[in-house]
Amino acid sequence: MLLSPISVLLMTPFIRPFRISRLLFTYFIPILPILPILILWDGIISVLRTYTIDELNQMVSKLNNVDHFSWEINVSKGKPNEILYVLGIPKTE
């Protein structure tokens, strides 16, 4: 009983006569209601993974060869949102 959903998913392409509609109703249609939830999850996790300027400065300071680069960490005012960026330009010696 527990393996029934898995066996349905695995065996559906092999049911004869083969029909695209069977694949559509088995795989594609059930996924559609979950897409907004997945997009919301991705957006929330992306926001939580962003760094502050202070955190980026700490990360850059711990890098090897930090003295060989000129570092710029700033916020660019863009539309519709601000963009936080890190730019490392090699110093010429």
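Each reported figure results from applying straightforward, stated rules to the coordinates on display, with no laboratory input. In this text, all values refer to a predicted model and were calculated from it rather than measured experimentally. Neighbour counts run over all protein chains shown; Cβ positions are idealised from the backbone, glycine included.
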Quiz item: Which one, (i) 23.3, 67; (ii) 24.6, 71; (iii) 18.9, 60, gives Rg and Dmax of the Cα atoms in Å as derived from the coordinates shown?
Solution: (ii)
Self-check item: Cβ-based net charge around Gly88, under 13 Å, with every Lys or Arg adding one and every Asp or Glu removing one
Solution: -1
